[in-house]
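First comes the structure, then the notes that go with it.
The values are calculated or read from the model by the stated rules, or taken from the named source; none is laboratory data. The structure displayed is predicted, hence computed values, not measured ones. Virtual Cβ from ideal backbone geometry, glycine too; neighbours counted across all protein chains shown.
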Amino acid sequence: MNTFESIASAQSLLPENAGEPGALTGGRMSRVDELRAQPRKPGEASFFYVDHHFQYDAVKVFPGEYFVSGDDVLIMTVLGSCVAACVWDSAARVGGMNRFMLPEGEADAVRHGAYAMELLLNAMLKMGARRETLQARVFGGGAVMPRFATTDVGARNTKFVLDYLATERIPVVSQDVLGLHPRKVCCFPVTGKALVKRLAHTHPEALAVEERRGDAVSVAKATAGGSVELF
Amino acid sequence: MPLILAVDDSPSMRRMVSFTLAGAGYQVVEAVDGQDAYEKAQHQTFDLVLTDQNMPRLDGLGLTRKLREHPKFKTTPILMLTTESSDLMKQAGRAAGATGWLVKPFDPARLLETIQKVIK
């Protein structure tokens, strides 16, 4: 996903605690500038900020993105009908989060959802995580828009991610899904701790527009998914 | 009926790939990683190998290199089916002896068409 576009499209959804890099409490220095300067892969979240509430360097995951780290950062997102899987390896102390929604239509949906999950899992395995010690926390899938409520996109996303994790034999240790509210989710990749807060409906339309841009098909496009090359 | 060795560490992916291949009339043997695939290849001959790249124990490129050392797999088509899409990885695939590179998520019709093109 084009970072500038995703930032511009989501002005109203920017983290309310965002501030400029500088000193954090406890004598720690913000590494946000360093994080911003590092090269990122297609699909990897790249909106870094200092979260004043938590006093942490943070990254916001936009629809269709994922982020994995073994560092002391806060990974944050705001979910409407999208789902986010926070996956953690207790042994490697590596964690990550993705955020996606299934595309419309039955045939492609599962393959694209599986792809969004695999991007996250592969990034974790590359950082030393192992399938056997992974655990997941699942959030989102709300019916936040009245017209979404009829087709219940959120329920479909939720069912997919729970089915997928069951097939992959990755235990889901906690979840806060479905219902009517958007959610703010924060996860800490080193400790695996995840926090969720149900939000009032402040910008349901903006959130819905933002999320539709990030369905799993656009994830695939951003990462050259589906291409075939014979040598 | 052509026999395909399908290699992926993700059970979801193995299920989707096998479903697609079996639906087109191929026989499928599944392997859970490169090492498992390599062991299965000792006892059997396959008409095509379809493998993921990122896997524990032995990855797809490692599997391709090891299979190419065997006379019976010298000319067997080996297709990579992976989330990796960088030119660097594709070059490594070509150097390892892979026949082609498919980036996930796969389109079933496109996957089958590619297999038909390279299978003997």
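Structural remarks
- Residue in the range A:188-209 that is basic (Lys, Arg) and crowded, with 20+ Cβ neighbours inside 10 Å present: no
- Every residue from the range B:64-120 that is among the charged types (D, E, K, R) and closer than 18 Å to B:Gln27 by Cβ: B:Lys72, B:Lys120
- If you go through the range A:93-107 and keep only what is within 14 Å of chain B (Cβ to nearest Cβ), under 18 Å from A:Glu211 (Cα atoms) and not in a loop (DSSP other than H, G, I, E, B), you end up with A:Asn98, A:Phe100.
- Any hit, the range A:146-167, residues being in a strand (DSSP E or B), modelled with pLDDT of 95 or more and surrounded by fewer than 23 Cβ atoms within 10 Å (Cβ to Cβ): no
- Answer residue from the range B:2-51, given it is within 13 Å of chain A (Cβ to nearest Cβ), of a type in the set (D, E, K, R) and part of a helix (DSSP H, G or I) and is surrounded by the most Cβ atoms within 10 Å (Cβ to Cβ) among those: B:Arg14
- For the range A:93-110, residues that are surrounded by fewer than 23 Cβ atoms within 10 Å (Cβ to Cβ) and in contact with a helix residue (DSSP H, G or I) (Cβ under 8 Å, 6 or more places away or on another chain) total 4.
- In a residue-by-residue description of the range B:68-78, the property of being modelled with pLDDT of 95 or more and within 11 Å of chain A (Cβ to nearest Cβ) applies to at least one position.
- Filtering A:Gly70, A:Gly142, A:Gly113, A:Gly64 for residues that are more than 14 Å from chain B (Cβ to nearest Cβ), modelled with pLDDT of 90 or more and surrounded by 24 or more Cβ atoms within 10 Å (Cβ to Cβ) leaves a single hit, A:Gly142.
- Condition broken by A:Met76, with the remaining ones in (1) out of contact with any Cys (no Cβ under 9 Å at 6 or more places or on another chain); (2) outside any loop (DSSP other than H, G, I, E, B) satisfied: (1)
- Some residue of the range B:74-95 being over 13 Å from the mean Cα position of the chain (by Cα) and within 23 Å of B:Met1 (Cα to Cα): yes
- From the list A:Ser81, A:Ser90, the lone residue that is more than 14 Å from chain B (Cβ to nearest Cβ) and buried (at least 18 other Cβ atoms within 10 Å of the Cβ) is A:Ser81.
- Residue in the range B:85-118 that is nearest to B:Leu63 (Cα to Cα), counting only those that are free of Cβ contacts under 8 Å to residues at least 60 places away in the same chain and of a type in the set (Val, Ile, Thr): B:Thr99
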